[in-house]
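Q: What follows is a structure written as structure tokens; I'll ask about it next.
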Amino acid sequence: MLSFRYTVLMNAPKTARERARAELTAEILAAARRQLAESGSALLSLRSVARELGMASSAVYRYFASRDDLLTALIVQAYTEIGEAAENADLPGAAPEERWLAVWRAVREWSLAHRHEYALIFGTPVPGYVAPHITVEVAGRMPLTLARICADAKGAGSLNPPSGPVCPPEAIEPAMLQMLAGESFEPDEVARLILAWNRLVGIIGYELHGHLQNVTADDALFFDHTARSEGADLGLPFR
């Protein structure tokens with residue numbers, strides 16, 4: 001069950017009190033995101049956020065009980081936004097390869113525009129912070145969008161993985177195999193999906209942290225090639 005401070009991020013408030021609480025929660029999160037950009041996640045604190053907003057720290061604690069609580073809300077917000085970017089880019093009526101490329105591009109565009117939030121969810125773990133299960137739930141939206149494209153292609157008979165070695169299914173967490181088996185995927189297909197998702201996250205991280213400097217002449221072109229290559233390895237009909 002989500003606590004109230006998380007549900008206000010996802011559900012439209014109805015009463016004046018709920019609206020006021022939602023507005024102040026949004027202000028606190030916006031200030032926290034600015035702190036994230038300026039100081040990094042390890043230095044984020046409720047006191048610094050309260051100071052920026054001109055509030056007593058005790059008032060902020062009524063919305064977020066601890067720094068970890070605030071970090072969780074930021075992580076949920078970031079995963080929600082990147083998940084929505086992926087879902088909104090997907091056009092179920094289009095060809096599967098077009099859907100795949102559109103989602104990859106949308107995830108990259110969001111990440112380039114929100115590099116600090118990307119680092120929060122896919123970068124170095126925050127010392128002493130242990131993410132609760134709620135972050136796992138929202139983290140699945142983006143990769144499940146990719147899985148849905150492949151599932152639709154498989155259902156239409158247009159998913160034809162090439163022969164050759166794949167990531168051993170035993171290298172994948174059993175819970176992931178079980179979850180994606182619901183989309184009628186075989187274990188080796190799940191392994192290919194996990195690999196493609198990791199490549200997507202990895203190549204964006206390389207670009208954001210400058211690791212492609214003096215390596216690629218055109219980051220967008222290289223990214224598109226990687227997207228097509230990973231899609232083809234899954235069996236999508238890229239030419």
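Q: Filter the range 30-52 down to the residues that are assigned to a helix (DSSP H, G or I) and among the hydroxyl-bearing types (Ser, Thr, Tyr), then identify the one that is nearest to Thr135 (Cα to Cα). Walk me through it before giving the result.
A: First, pick out the residues of the range 30-52 that are assigned to a helix (DSSP H, G or I): 30-39, 41-43, 46-52.
Going one step further and asking which of them are among the hydroxyl-bearing types (Ser, Thr, Tyr), we end up with 39, 41, 48.
Working: Ser39: 22, Ser41: 16, Ser48: 24 Å.
Restricting to residues being assigned to a helix (DSSP H, G or I) and among the hydroxyl-bearing types (Ser, Thr, Tyr), the top hit is Ser41.
Q: Within the range 184-207, is even one residue without any contact (Cβ under 8 Å) to a residue 24 or more places away in the chain, assigned to a helix (DSSP H, G or I), over 22 Å from Glu98 (Cβ atoms) and among the aliphatic types (A, V, I, L, M)?
A: Yes, that holds for at least one residue.
Q: Is it the case that the range 178-185 has a residue that's out of contact with any strand residue (DSSP E or B) (no Cβ under 7 Å at 6 or more places or on another chain), of a type in the set (Asp, Glu) and surrounded by 17 or more Cβ atoms within 10 Å (Cβ to Cβ)? Steps first, please.
A: In the first step, residues of the range 178-185 are kept if they are out of contact with any strand residue (DSSP E or B) (no Cβ under 7 Å at 6 or more places or on another chain); the result is 178-185.
With of a type in the set (Asp, Glu) added as a condition, the list becomes 183.
Of the ones still in play, those that are also surrounded by 17 or more Cβ atoms within 10 Å (Cβ to Cβ) are 183.
Scanning the range 178-185 turns up at least one residue that is out of contact with any strand residue (DSSP E or B) (no Cβ under 7 Å at 6 or more places or on another chain), of a type in the set (Asp, Glu) and surrounded by 17 or more Cβ atoms within 10 Å (Cβ to Cβ).
Q: Condition first: touching a His at 6+ places or on another chain (Cβ under 8 Å) and at pLDDT 95 or above. Can you find one or more residues in the range 35-49 that meet it?
A: No, the range 35-49 contains no residue that is touching a His at 6+ places or on another chain (Cβ under 8 Å) and at pLDDT 95 or above.
Q: Quick one: in the range 55-64, of everything that is out of contact with any Ser or Thr (no Cβ under 9 Å at 6 or more places or on another chain) and closer than 22 Å to Thr135 by Cβ, which residue is most open to solvent (accessible area, probe 1.4 Å)?
A: Tyr61
Q: Return the residue satisfying two criteria in turn: it lies in the range 69-107 and is modelled with pLDDT of 95 or more and open to solvent by 40 Å² or more (accessible area, probe 1.4 Å), and of such residues it is nearest to Ser229 (Cα to Cα).
A: Glu97
Q: Do we have Glu52 as acidic (Asp, Glu), open to solvent by 50 Å² or more (accessible area, probe 1.4 Å), in contact with a Leu (Cβ under 9 Å, 6 or more places away or on another chain) and at pLDDT 90 or above here?
A: Numbers: acidic (Asp, Glu): yes; open to solvent by 50 Å² or more (accessible area, probe 1.4 Å): yes; in contact with a Leu (Cβ under 9 Å, 6 or more places away or on another chain): no; at pLDDT 90 or above: yes.
When the stated conditions are applied, Glu52 does not pass them.
The values are calculated or read from the model by the stated rules, or taken from the named source; none is laboratory data. Owing to the predicted nature of the structure, the values given are computational and were not obtained by experimental measurement. Every residue, glycine as well, gets a Cβ built from its backbone with ideal geometry; the counts of neighbours run over all protein chains shown. For accessibility, only protein heavy atoms count, side chains too; no ligands or nucleic acids. Shrake-Rupley method; radii C 1.70, N 1.55, O 1.52, S 1.80 Å.
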